[in-house]
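**Student:** Quick one: structure below, then a few questions.
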Amino acid sequence: MEVKLAKTAGFCFGVKRAVEMVYEEAKKEGMDIYTYGPIIHNEEVVKDLENKGVGVIENLTELEGIKKGTLVIRSHGVAKQVYQKIQTKGLTVVDATCPFVKKIHRIVERESQAGNYIIIIGNEKHPEVEGIVGWCQPGTYSVIASVQEAQKFDLQVEKKICIVAQTTFNHNKFEELVEIFEEKGYDRVVLNTICNATWERQSEAKEIAKQVDAMIVIGGKTSSNTQKLYEICKKECKNTYYIQTLVDLDFETFQSTGCVGITAGASTPNNIIEEVQRNVRIKF
Ligand code: F3S
């Protein structure tokens, strides 16, 4: 059995940095530490942090109830309003927003203040996008995720549009959607803010999936970048399995005749990837 493990599997730079920042804070004794939303889409890590006394605040209402302590902002980033709230409450902020996401905040803030209309290509329910939206002027943006939405889009006023992307958005789909806006003839500025880490992980996964007869994608069920990896791999290799940890891999139904590929989403810890890899090698 040959196992091809993707070099880009697992934590990206931004997630690694954010997780390390929380663990650093958790070492400090006698401090109330919270993260704004789970630090990453990985239940194992969130549970481990909970055992170390790190709480999770889900929204502004819950934030309102916090009297003191440190709030860690995760790599996804948050809306401007959240920083303002933290400041008025006198809490300490540890900002683990990924610098690539921070850059999008600065772009949309600048462009919407300049009177331009912002198009965010991404999933409007994703926390990163909710954060980006919170740096635009009210009513001056749209979130577009599909060809239908892009085709339906009609800017009633004469304005320049500024297109940015959720960092984990699929590269090819982004280009396809941008093309639709180009055809509409808007005066525009297009900033491809898809993170290279995502693109590299997606391309490597695709290449590996083409060469193997079974592919394993490891990551949290709610992790959008893992879901996308799964979709990409499934297209190339019908025999693709989506698992969160080794426990989900049913060796009875798992089918491979010779070569297995493994990749993992940006929020999958190394120990989980290694455990899967080791067991696949042992079992076959
Ligand atoms: Fe940052 Fe890219 Fe990761 S934007 S959080 S390094 S996927």
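The values are calculated or read from the model by the stated rules, or taken from the named source; none is laboratory data. Source: prediction; values computed, not measured. In this analysis, Cβ positions are derived from the backbone assuming ideal geometry, glycine residues included, and neighbour counts consider all displayed protein chains. These area figures cover heavy atoms from the full protein model, side chains too; ligands, DNA and RNA do not enter into them. Shrake-Rupley method; radii C 1.70, N 1.55, O 1.52, S 1.80 Å.
**Student:** Report yes if Leu191 is open to solvent by 30 Å² or more (accessible area, probe 1.4 Å), in contact with a helix residue (DSSP H, G or I) (Cβ under 8 Å, 6 or more places away or on another chain) and more than 30 Å from Tyr23 (Cα to Cα), otherwise no.
**Tutor:** yes
**Student:** Quick one: count up the residues across segment 9-21 that are assigned to a helix (DSSP H, G or I), of a type outside the set (D, E, K, R) and more than 11 Å from the ligand (Cβ to nearest atom).
**Tutor:** 1
**Student:** If you don't mind, there's one more thing I want to ask. Among the residues of segment 88-113, which ones are under 16 Å from Pro138 (Cα atoms) and either within 16 Å of the ligand (Cβ to nearest atom) or open to solvent by less than 70 Å² (accessible area, probe 1.4 Å) (or both)?
**Tutor:** Once the filter is applied, which keeps residues that are under 16 Å from Pro138 (Cα atoms) and either within 16 Å of the ligand (Cβ to nearest atom) or open to solvent by less than 70 Å² (accessible area, probe 1.4 Å) (or both), segment 88-113 yields His105, Arg106, Ile107, Val108, Glu109, Glu111, Ser112.
**Student:** Something else: Looking for something within 16 Å of the ligand (Cβ to nearest atom), within 30 Å of Glu58 (Cα to Cα), open to solvent by less than 70 Å² (accessible area, probe 1.4 Å) and modelled with pLDDT of 90 or more - is there at least one such residue anywhere in segment 170-179?
**Tutor:** Yes, some residue in segment 170-179 is within 16 Å of the ligand (Cβ to nearest atom), within 30 Å of Glu58 (Cα to Cα), open to solvent by less than 70 Å² (accessible area, probe 1.4 Å) and modelled with pLDDT of 90 or more.
**Student:** Right, something else. Please work out which residue is nearest to the ligand (Cβ to nearest atom), limiting yourself to segment 203-245 and to residues that are under 23 Å from Val45 (Cα atoms) and among the polar types (S, T, N, Q).
**Tutor:** That would be Asn225.
**Student:** Another question, then. Scan segment 22-50 for residues that are touching a residue at least 12 places away in the same chain (Cβ under 8 Å), out of contact with any strand residue (DSSP E or B) (no Cβ under 6 Å at 6 or more places or on another chain) and assigned to a helix (DSSP H, G or I) and report the count.
**Tutor:** 5
**Student:** Still on this structure: Could you give every pair whose Cβ atoms fall below 6 Å, whose first residue belongs to segment 86-100 and is modelled with pLDDT of 95 or more and small (Gly, Ala, Ser), and whose second residue is in a helix (DSSP H, G or I) and within 16 Å of the ligand (Cβ to nearest atom), counting only separations of at least 6 or pairs across chains?
**Tutor:** Close Cβ pairs satisfying both conditions: Ala96/Ala18; Ala96/Met21.
**Student:** Now for a different question. Give the number of residues within segment 219-233 that are within 21 Å of Val247 (Cα to Cα) and open to solvent by 40 Å² or more (accessible area, probe 1.4 Å).
**Tutor:** Matching residues across segment 219-233 total 4.
**Student:** Name the single residue, out of those in segment 132-165 being β-branched (Val, Ile, Thr) and part of a strand (DSSP E or B), that is surrounded by the most Cβ atoms within 10 Å (Cβ to Cβ).
**Tutor:** Val164
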